[in-house]
Amino acid sequence: MGRHAESKLEQKKLIVVVGATGNQGGSVARRFIQDPRYAVRGLTRNPESPAAKELAALGVEVVQAELDDVKSLEAAFAGANVIFSVTNYWEPFFRPDCRAKAAELGVTCRKYAYDVEYRQGKNIADAAATVAGGLDANGFLASTLSNSRKCTGGKIDDLYHFDAKADVFPDYVNAAHPELAAKMSCIHTGFFTTSHRILPESYFHRLADGTFEMRFPCSPTKPIPNLDVNADTGNFTYAVSQMPAGKAYMAAEYLTWPEFAAAWQRVTGASIAYKEISFDEMVAAMPDRDLGVEVGLMFLYSSEPGYDGQMELLKAEDLRKAGIDCPMHTVEQSLAKMDWAGVLSK
Ligand SMILES: NC(=O)c1ccc[n+]([C@@H]2O[C@H](COP(=O)([O-])OP(=O)(O)OC[C@H]3O[C@@H](n4cnc5c(N)ncnc54)[C@H](OP(=O)(O)O)[C@@H]3O)[C@@H](O)[C@H]2O)c1
């Protein structure tokens, strides 16, 4: 490599992406690697996994790190100009060894997964704080959700997969790490348009006459945020990185569930109607009671006060108004890319 190319390489900004082998982090890594001004370092527990090797093939520097090990995060964040953070509530929620551990501790798997997600989020924040001085002015981009406990005045106090995120991003960061907090942007993500894969019977229940019913404990008139997580988390985060720090965002298009159902009907040609059901009906429809309670609470909260807790969150159109390109798929465009054969042949 010539000296000129070498010095150009040295000038690259480094973005370190937590969760790079997953949906959100994978989208972020893939977006930033397209910009020659950035070098991308992606974190994973297993650099030998197919997802990690795919990233390496794209030019991402794949580095081993464990969210339960702050030292490994400190090493992985060294030299970062930007850090993208994401935490995963659902892995400890579903893992049989975590369920066994929860039972041993006498807590529900819902609360156990809260504790893991909170602890791992706190570890990311603590490690990021050690490199805060070297981060860009808007260099800590954290994926999060609204605080259901606060936004309902305590009426809902156990929507764990929302509050585990919100209790760290922004609350713990603000309280414990002012220098990092000053460089933080919080990015809320809407319902993934792929979430029907986790809740197939709730999204697309087949009736005896061959038509479909979408069934959630959520008002049919409430606008709900939805995100094409794999295609657009990166686009949105890349746009946010060009803003000043200290703001909170929602990466999503808002549609009511009947509007979502209508988009699906246009895409597939199948007939579908939306039906608001009760919380108890949702729980009863789930193969797993804890999953039913956790997602049932999410739909109740999405109905009142709303998935975003009625927080003032900047959207893609606000980024565009600020002169920043922010391409996003509509829900209909996102649904149109998917293969529905399996659902339609149920
Ligand atoms: N489904 C929805 O509609 C929806 C909507 C909004 C928000 N969310 C939230 O999205 C989050 C999940 O995001 P996602 O879908 O991007 O996750 P994902 O695709 O399941 O990927 C999880 C990522 O986290 C990494 N990871 C997990 N545990 C780790 C550990 N202990 N140490 C190091 N890395 C670890 C994984 O890396 P390796 O496995 O390679 O180590 C992987 O890259 C959840 O918290 C969920 O609540 C979901």
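Of Asn138, Asn88, which residue is under 15 Å from Val168 (Cβ atoms) and at pLDDT 95 or above? Step by step, each of Asn138, Asn88 is checked, and only Asn88 is under 15 Å from Val168 (Cβ atoms) and at pLDDT 95 or above.
Checking each residue in region 223-240 for being touching a strand residue (DSSP E or B) at 6+ places or on another chain (Cβ under 6 Å), under 22 Å from Pro170 (Cβ atoms) and of a type in the set (S, T, N, Q) picks out only Thr237.
Condition check ((1) in contact (Cβ under 8 Å) with a residue 12 or more places away in the chain; (2) polar (S, T, N, Q); (3) near the ligand (Cβ under 9 Å from one of its atoms)) across all residues:
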{"position": "Val60", "(1), (2), (3)": "yes, no, no"}
{"position": "Gln64", "(1), (2), (3)": "yes, yes, yes"}
{"position": "Asp68", "(1), (2), (3)": "yes, no, yes"}
{"position": "Val82", "(1), (2), (3)": "yes, no, no"}
{"position": "Ser85", "(1), (2), (3)": "yes, yes, no"}
{"position": "Arg95", "(1), (2), (3)": "no, no, no"}
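Of the candidates Gly234, Gly309, Gly296, the single residue that is small (Gly, Ala, Ser) and either farther than 26 Å from Ser27 by Cα or surrounded by fewer than 16 Cβ atoms within 10 Å (Cβ to Cβ) (or both) is Gly296. Within region 100-115, none of the residues are touching a helix residue (DSSP H, G or I) at 6+ places or on another chain (Cβ under 8 Å) and within 21 Å of Thr233 (Cα to Cα). Counting only strands (runs of 3 or more DSSP E) that sit completely within region 226-280, those holding 3 or more residues that are over 17 Å from Phe216 (Cα atoms) correspond to 248-251.
Within region 319-332, track down each residue that is without any contact (Cβ under 8 Å) to a residue 40 or more places away in the chain and surrounded by 14 or more Cβ atoms within 10 Å (Cβ to Cβ). Of everything in region 319-332, just one residue is without any contact (Cβ under 8 Å) to a residue 40 or more places away in the chain and surrounded by 14 or more Cβ atoms within 10 Å (Cβ to Cβ), namely Arg320.
With respect to (1) in a helix (DSSP H, G or I); (2) modelled with pLDDT under 95, the lone exception for Pro287 is condition (1).
When you look at Thr211, is it over 19 Å from Met286 (Cα atoms) and within 16 Å of the ligand (Cβ to nearest atom), yes or no? Considered against the rule, which asks whether it is over 19 Å from Met286 (Cα atoms) and within 16 Å of the ligand (Cβ to nearest atom), Thr211 comes out as no. Within the span defined as region 178-189, every residue fails to be in a helix (DSSP H, G or I), within 21 Å of the chain's Cα centre (by Cα) and in contact (Cβ under 8 Å) with a residue 60 or more places away in the chain. Residues that are assigned to a loop (DSSP other than H, G, I, E, B) and within 14 Å of the ligand (Cβ to nearest atom) within region 121-146 comprise Leu145, Ser146, listed in sequence order. Comparison of Phe191, Phe204, Phe212, Phe216 shows that the only residue that is over 22 Å from Ile83 (Cβ atoms), of a type in the set (Phe, Trp, Tyr) and crowded, with 24+ Cβ neighbours inside 10 Å is Phe216.
The values are calculated or read from the model by the stated rules, or taken from the named source; none is laboratory data. As the structure is a prediction and not an experimental result, all values here were calculated from the model. When we count neighbours, we look across all protein chains shown, and the Cβ atoms used for this are built from the backbone with ideal geometry, even at glycine.
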